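Peer 1: Sharing a structure, written as structure tokens. Questions coming.
The values are calculated or read from the model by the stated rules, or taken from the named source; none is laboratory data. Just so you know, these numbers come straight off a predicted model, no measurement behind them. Cβ placement follows ideal geometry from the backbone for every residue including glycine, while neighbour counts extend to all protein chains displayed. In case anyone asks, the SASA skips ligands and DNA or RNA and just uses the protein heavy atoms, side chains included. Shrake-Rupley method; radii C 1.70, N 1.55, O 1.52, S 1.80 Å.
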Amino acid sequence: MSALLRPVLRPVLRPLARAASALFCLALLAAPAAAETVIRFGHPGVGAEQRPYSYGDATTYARARQLIEKEFADDKDVKIEWTFFRGAGPALNESVASGQLDFFLLGDLPAIVGRARGLKHKFIFATGRNNPIFLAVPTDSTITKVEDVKGKKVALFKGTNLQNATDRILALHGLSEKDVRFINLDANAAVAALTSGNVDAVFGGQEYLPLAAKGVVKIVYTTKGDDPTLGRNSSYFVTEAFAAAHPDLTQRVVTAFIKAAHFISQDQNRDEAFEAWALSGLPKETFVTNFDGVRLSLIVNPLIDDYVVARYKEQAQAAKDYGLLKGDPDIDHWFDRTYLNAALKTLKLEDFWSTRDGRGNIETRGSIDQKASN
């Protein structure tokens, strides 16, 4: 700069420099210390009176006791969100399709349907296996067994893991969907239809046990004690996008859930699990009745063993047979045991749960079952 111009420009440049410095400082103050990461969890169902809680597995126990929130309590840039879907699996699938969830639980059928339709997610651990199914009828009904629903109006929440599971019950008792007049109703609507006499029966879960205890309905059949491949199965998933972007966070989430599964698998913690699940609005006695004679370690076993693989292949074939799939779910390449295996190693639980074959028989007995016979 010319020595002649300096005295002239100096009064102009100084205010500009001060303004630029002030703007830079304001920008630093306005900028966040770190970008916030929101981990979005989804669950197919809601509690009584729309409560944001559910029941029956380790992830719902973790939700009730805020175990995920505690895992990330010191991570100020991580936020946890939970969404519970009254429309169950079909509604949750829509949310996944629109990119609104990262982790979620799904029953076998809606998960398979979503996979076949191109949803990009990884099957990372099992959440529930052989969850009992009940056939509930009015107290004055003449229906006493599965075979008696032939020609009757029966409520069933289609598109959920209850549909294929119910089809298998019918098949093992000499019936098919064509033999029954199914009415598609969600769980809440089915209860109202059954108690008002608008349907003759309903296949469902433990939500009917409190009604049976009050004498409002009666339970005439349960998969408990029937063929070991019956019942409902569910698992946990992570979107491929989230796992690729945040492998470390994905691992921490899975490890927290597996730790919860280990805790409630132990018989001495059974009562605590029931207390936590009661936040859903179902009475604790419901779970006591539902799991009477059943160890929780059999239900919440997270392993992706031959039993789990067989059930999902079986359900995929059934969904094809019923025309529910528009593509190939490619079951064999769906399972990602990476995070589960790392969690088991970290928690020293590689030999805790038993592995089972496709028919439900123990292949390798875990330490939790060392004193059990099944």
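Peer 1: Only one of these is touching an Asp or Glu at 6+ places or on another chain (Cβ under 7 Å) and aliphatic (A, V, I, L, M): Leu344, Leu340. Name it. Outline the logic, then answer.
Peer 2: Values: Leu340 fails: touching an Asp or Glu at 6+ places or on another chain (Cβ under 7 Å).
The match here is Leu344.
Peer 1: Within the stretch 1-98, which helices (runs of 4 or more DSSP H) (wholly inside it) include 1 or more residues that are at pLDDT 85 or above, open to solvent by less than 80 Å² (accessible area, probe 1.4 Å) and small (Gly, Ala, Ser)? Spell out how you get there, then give the answer.
Peer 2: On the way: elements: 6-30, 58-64, 67-71, 88-97.
The qualifying helices (runs of 4 or more DSSP H) are 58-64, 88-97.
Peer 1: Condition first: small (Gly, Ala, Ser) and touching a residue at least 40 places away in the same chain (Cβ under 8 Å). Now tell me which residues in the stretch 103-160 satisfy that.
Peer 2: Quick first cut of the stretch 103-160, residues small (Gly, Ala, Ser) only: 107, 111, 114, 116, 118, 126, 128, 136, 141, 151, 155, 159.
Within the stretch 103-160, Gly107, Ala111, Ala116, Gly118, Ala126, Gly128, Ala136, Ser141, Ala155, Gly159 qualify.
Per-residue answers, yes or no, for (1) in contact with a strand residue (DSSP E or B) (Cβ under 8 Å, 6 or more places away or on another chain); (2) buried (at least 17 other Cβ atoms within 10 Å of the Cβ):
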| position | (1), (2) |
| --- | --- |
| Ile258 | yes, yes |
| Glu272 | no, no |
| Phe287 | no, yes |
| Val294 | no, no |
| Ala318 | no, yes |
| Asp330 | no, no |
| Trp334 | yes, yes |
| Asp357 | yes, no |
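Table: residues versus (1) buried (at least 19 other Cβ atoms within 10 Å of the Cβ); (2) modelled with pLDDT of 90 or more.
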site: Ala187; (1), (2): yes, no
site: Ala193; (1), (2): no, yes
site: Phe203; (1), (2): yes, yes
site: Phe237; (1), (2): yes, yes
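Peer 1: Something else now. Please go through the stretch 99-111 and pick out each residue that is over 24 Å from Leu67 (Cβ atoms) and surrounded by fewer than 17 Cβ atoms within 10 Å (Cβ to Cβ).
Peer 2: The first filter runs over the stretch 99-111 and keeps only residues over 24 Å from Leu67 (Cβ atoms), leaving 99, 108-110.
The one that is over 24 Å from Leu67 (Cβ atoms) and surrounded by fewer than 17 Cβ atoms within 10 Å (Cβ to Cβ): Gly99.
Peer 1: Right, here's the next one. Six or more apart or on different chains, Cβ under 7 Å: which pairs go from a residue in the stretch 166-195 that's under 17 Å from Ala136 (Cα atoms) to one that's surrounded by fewer than 16 Cβ atoms within 10 Å (Cβ to Cβ) and among the aliphatic types (A, V, I, L, M)? Could you list them?
Peer 2: Listed pairs, sorted by first residue: Thr195/Val216.
Peer 1: Taking the stretch 201-248 as the region of interest, how many residues are in contact with a strand residue (DSSP E or B) (Cβ under 7 Å, 6 or more places away or on another chain), among the β-branched types (Val, Ile, Thr) and under 18 Å from Arg295 (Cβ atoms)?
Peer 2: Qualifying residue count for the region: 1.
Peer 1: Looking at the stretch 133-165, which of its residues are small (Gly, Ala, Ser), in contact with a helix residue (DSSP H, G or I) (Cβ under 6 Å, 6 or more places away or on another chain) and open to solvent by less than 10 Å² (accessible area, probe 1.4 Å)? If you could, list the steps in order and put the result at the bottom.
Peer 2: So the first thing to find is which residues in the stretch 133-165 are small (Gly, Ala, Ser), and the list is 136, 141, 151, 155, 159, 165.
Keeping just the survivors that are in contact with a helix residue (DSSP H, G or I) (Cβ under 6 Å, 6 or more places away or on another chain) gives 136, 155, 159.
Matches in the stretch 133-165: Ala136, Ala155.
Peer 1: So, one more: Could you pull out the residue among Gly151, Gly128, Gly215 that is under 30 Å from Ala260 (Cβ atoms) and of a type outside the set (A, V, I, L, M, F, W, C)? So that I can check it myself, show each step before the final result.
Peer 2: On the way: Gly151 fails: under 30 Å from Ala260 (Cβ atoms); Gly215 fails: under 30 Å from Ala260 (Cβ atoms).
Answer to the check: Gly128.
Peer 1: Could you name every one of the strands (runs of 3 or more DSSP E) located completely within the stretch 156-230 that has at least 2 residues being within 24 Å of the chain's Cα centre (by Cα) and not small (Gly, Ala, Ser)? Can you show your working first?
Peer 2: Working: elements: 181-184, 201-204, 217-222.
Where strands (runs of 3 or more DSSP E) fall fully within the stretch 156-230 and carry at least 2 residues being within 24 Å of the chain's Cα centre (by Cα) and not small (Gly, Ala, Ser), they are 201-204.
Peer 1: Could you check the stretch 116-134 and list, in sequence order, the residues that are under 15 Å from the mean Cα position of the chain (by Cα) and either within 19 Å of Ala88 (Cβ to Cβ) or of a type outside the set (Lys, Arg) (or both)? Step through it out loud before you land on a result.
Peer 2: Step one: of the stretch 116-134, the residues under 15 Å from the mean Cα position of the chain (by Cα) are 121-131.
If the condition is that a residue be under 15 Å from the mean Cα position of the chain (by Cα) and either within 19 Å of Ala88 (Cβ to Cβ) or of a type outside the set (Lys, Arg) (or both), then His121, Phe123, Ile124, Phe125, Ala126, Thr127, Gly128, Arg129, Asn130, Asn131 are the ones that fit.
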